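Colleague: I am attaching a structure below and will ask some questions about it afterwards.
The values are calculated or read from the model by the stated rules, or taken from the named source; none is laboratory data. Everything numeric in this text was worked out from a predicted model, so none of it was measured. All Cβ positions, even for glycine, are placed from backbone atoms using ideal geometry, and neighbour counts span all protein chains on display. Protein only, heavy atoms only, side chains kept; ligands, DNA and RNA dropped before computing areas. Shrake-Rupley method; radii C 1.70, N 1.55, O 1.52, S 1.80 Å.
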Amino acid sequence: MTAPITTVAARKGGRWIEHWDPEDETFWRGTGEPIARRNLLFSVLSEHIGFSIWTLWSVMVLFMGPEYGVDPAGKFFLIATATLVGSIVRVPYTFAVARFGGRNWTVFSALMLLLPTVAAFVVMEPGTSYTTFMVVSALTGVGGGNFASSMTNINAFFPLRKKGWALGLNAGGGNIGVPVVQLVGLLVIGVAGASHPRIVLGVYIPLIIVAAVCAALFMDNLAPVRNDTGAAKEAVRDRHTWIMAVLYVGTFGSFIGYSFAFGLVLQTQFGRTPLQAASITFIGPLLGSLVRPVGGMLADRHGGARITLWNFAAMAAATGVVVFASVIESLTVFLVGFVALFLLTGLGNGSTYKMIPGIFQARALDQGMSGEAAAAYGRRLSGASMGLIGAVGALGGLAINLAFRQSFQTAGTGTAAFVAFLVFYACCYVLTWAVYLRRAPVRSVQAESEPEFGYARV
């Protein structure tokens with residue numbers, strides 16, 4: 001018999017659910033699923049705003065004309081700074097969920113977004129020192145941390161069979177914050193001109209407050225979710241944590257790196273005006289965000305390793321198109337290849353994140369566990385590893401922007417950077433095949449009555 005849900009309203013200052021067992025079918029169908037879906041909805045809202053603030057400087061640099069005195073290399077470094085900080089804070093944000101509660105931390109992390117937004121509102125004008133811009137850009141990194149805490153929180157709400165869909169929807173809805181802030185920037189540039197960046201910031205300040213209030217009113221904390229030092233240490237020692245981190249560099253690192261750099265590449269390499277660049281920049285991140293849940297659903301059906309493998313092959317092919325377009329200086333071909341890259345990064349984001357809980361539950365089955373014990377082990381290890389994987393993966397965005405910065409400094413184009421990206425995707429393809437498909441060292445996560453060591457269905 002399923003234990004009832006007990007919510008303690010005054011525990012640690014928030015709404016706490018004492019019992020949570022999503023793998024129990026009766027529990028899930030009766031009361032668990034509506035609560036999980038409600039928390040997912042408002043988690044998406046907060047994460048969405050967080051992504052918008054994290055990628056704020058991909059829009060702000062479009063407003064920085066010659067009067068700001070910042071060259072293209074300096075602009076790439078500004079957005080790289082935001083990427084770096086957002087990657088680092090993902091680790092503490094992951095463990096904050098268990099320490100303070102998912103609902104409580106979502107409220108706090110949403111309100112934290114006011115700090116960089118208000119600071120940017122104050123300093124965004126010609127004459128501000130580059131150092132000041134660097135500091136404010138670094139502050140926007142807190143928006144990157146929202147992803148880690150949100151994914152860790154939602155991972156605990158859903159059963160394994162639903163994680164691909166739920167994590168894909170959560171991340172995809174958050175990722176859409178990137179094209180949305182770029183669309184807001186486009187609207188402002190098109191209507192008011194490139195000299196009014198504060199309008200963009202003024203739009204987001206009330207939205208941040210709305211996200212925090214909704215989290216406070218409609219989200220819950222899960223009491224069974226606890227920080228587990230042993231699980232964190234075990235995740236650090238497990239090679240699959242670092243293998244998945246490398247693969248996530250190739251998918252999410254590419255998505256966030258290209259999202260930051262796309263508009264600046266269009267301006268620098270193809271001579272687009274701020275309005276022309278802004279009118280195109282949002283398309284790739286939008287499509288990549290929308291397709292992320294599809295990657296999760298395909299992974300649920302066919303196995304994350306299979307989808308990830310062929311996704312990296314397609315990413316390498318699309319990058320080859322971009323290299324060709326860069327050499328012949330064709331904007332049309334470049335856009336076709338780059339938009340295809342965004343779509344593929346979105347698919348890969350969904351499939352790689354689906355692999356994480358599946359891998360650790362499969363490890364539990366290999367160790368002789370079964371039923372809820374295996375599911376609990378999978379949740380424990382996947383929750384501990386997600387922060388590390390997300391942090392390392394986001395560092396891929398930093399690498400992409402630094403690669404672009406160096407490529408434009410030395411050669412005036414991004415061709416060399418794209419060649420390096422192509423080689424990396426090929427390495428990710430080989431890594432996925434060798435570890436998860438060649439001999440399938442991880443047990444297939446299927447029905448327990450059908451243990452199988454063929455293709456790893458993770």
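Colleague: Return yes when residue 226 is charged (D, E, K, R), within 30 Å of residue 330 (Cα to Cα) and in a loop (DSSP other than H, G, I, E, B) and no when it is not.
Modeller: no
Colleague: For the range 44-66: of the residues being in a helix (DSSP H, G or I), touching a Phe, Trp or Tyr at 6+ places or on another chain (Cβ under 9 Å) and not aliphatic (A, V, I, L, M), which is surrounded by the fewest Cβ atoms within 10 Å (Cβ to Cβ)?
Modeller: Ranking the candidates gives 57 first.
Colleague: Quick test for you: out of 6, 26, pick the one residue that is modelled with pLDDT of 90 or more, among the β-branched types (Val, Ile, Thr) and more than 26 Å from residue 172 (Cα to Cα).
Modeller: 26
Colleague: Only one of these conditions is not met by residue 365: (1) modelled with pLDDT of 95 or more; (2) open to solvent by 10 Å² or more (accessible area, probe 1.4 Å). Which number is it?
Modeller: (1)
Table: residues versus (1) modelled with pLDDT of 90 or more; (2) on the phi < 0 side of the Ramachandran plot; (3) of a type in the set (A, V, I, L, M, F, W, C).
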site	(1), (2), (3)
343	yes, yes, yes
380	no, yes, no
403	yes, yes, yes
411	no, yes, yes
414	no, yes, no
427	yes, yes, yes
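Results for (1) touching a residue at least 60 places away in the same chain (Cβ under 8 Å); (2) farther than 28 Å from residue 53 by Cα; (3) under 17 Å from the mean Cα position of the chain (by Cα), shown as yes or no for each residue.
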residue	(1), (2), (3)
249	yes, no, yes
253	yes, no, yes
260	yes, no, yes
265	yes, no, no
280	no, no, no
317	no, yes, no
325	no, yes, no
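Colleague: Residue by residue through the range 33-43, note down the ones that are open to solvent by less than 50 Å² (accessible area, probe 1.4 Å), more than 15 Å from residue 165 (Cβ to Cβ) and of a type outside the set (Val, Ile, Thr).
Modeller: 42
Colleague: Okay, next question. Considering only the range 242-269, state which residues are at pLDDT below 90, open to solvent by 10 Å² or more (accessible area, probe 1.4 Å) and touching a helix residue (DSSP H, G or I) at 6+ places or on another chain (Cβ under 6 Å).
Modeller: 267, 268
Colleague: Scan the range 233-247 residue by residue and report those that are touching a residue at least 12 places away in the same chain (Cβ under 8 Å) and not polar (S, T, N, Q).
Modeller: Residues satisfying the conditions are 234, 235, 236, 238, 240, 242, 243, 244, 245, 246, 247.
Colleague: Let me ask you something else. What is the one condition in (1) under 28 Å from residue 56 (Cα atoms); (2) open to solvent by 40 Å² or more (accessible area, probe 1.4 Å); (3) within 19 Å of the chain's Cα centre (by Cα) that residue 297 does not satisfy?
Modeller: That leaves (1) as the condition not met.
Colleague: Taking the range 227-240 as the region of interest, how many residues are modelled with pLDDT of 75 or more and either in contact with a helix residue (DSSP H, G or I) (Cβ under 6 Å, 6 or more places away or on another chain) or open to solvent by 90 Å² or more (accessible area, probe 1.4 Å) (or both)?
Modeller: 6
Colleague: Looking at 224, 285, 293, 274, can you tell me which residue is at negative phi and touching a Pro at 6+ places or on another chain (Cβ under 6 Å)?
Modeller: Within the list 224, 285, 293, 274, the selection yields 285.
Colleague: Of all residues in the range 212-226, which are buried (at least 17 other Cβ atoms within 10 Å of the Cβ) and either closer than 28 Å to residue 392 by Cβ or modelled with pLDDT of 90 or more (or both)?
Modeller: Of everything in the range 212-226, those that are buried (at least 17 other Cβ atoms within 10 Å of the Cβ) and either closer than 28 Å to residue 392 by Cβ or modelled with pLDDT of 90 or more (or both) turn out to be 212, 214, 215, 216, 219, 220, 221, 222, 225.
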